[in-house]
Amino acid sequence: MPNTPSPLSGFAFVGEPLERADALREDADALARLWPGARILVLDHDGSAFTGDDDQPLALTGAD
């Protein structure tokens, strides 16, 4: 099989997903401080988002 470049190979972050939380993962104080403002998407066991009466994903934060 020929090794052809991906059509997106000229773009950044196509090899692996960008992990923005890496710097915070081991910092419990920072996580606790930031949690109330975190935006949360609640999923059921099938991966579907919980929705409100308008069928839009619930707009929740860590403070909720």
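The residues in segment 31-40 that are assigned to a strand (DSSP E or B) and surrounded by 10 or more Cβ atoms within 10 Å (Cβ to Cβ) can be counted, and the count is 1. Applying the criterion of being over 15 Å from the mean Cα position of the chain (by Cα) and surrounded by 10 or more Cβ atoms within 10 Å (Cβ to Cβ) to the residues of segment 18-30, the residue that is nearest to THR61 (Cα to Cα) is ALA30.
Every read-out reported here was derived from the displayed coordinates using simple, explicitly stated rules and does not represent laboratory data. Note that this is a predicted model, so its numbers are computed, not measured. Note: ideal-geometry Cβ built from the backbone for every residue, glycine included; neighbour counts use all protein chains shown.
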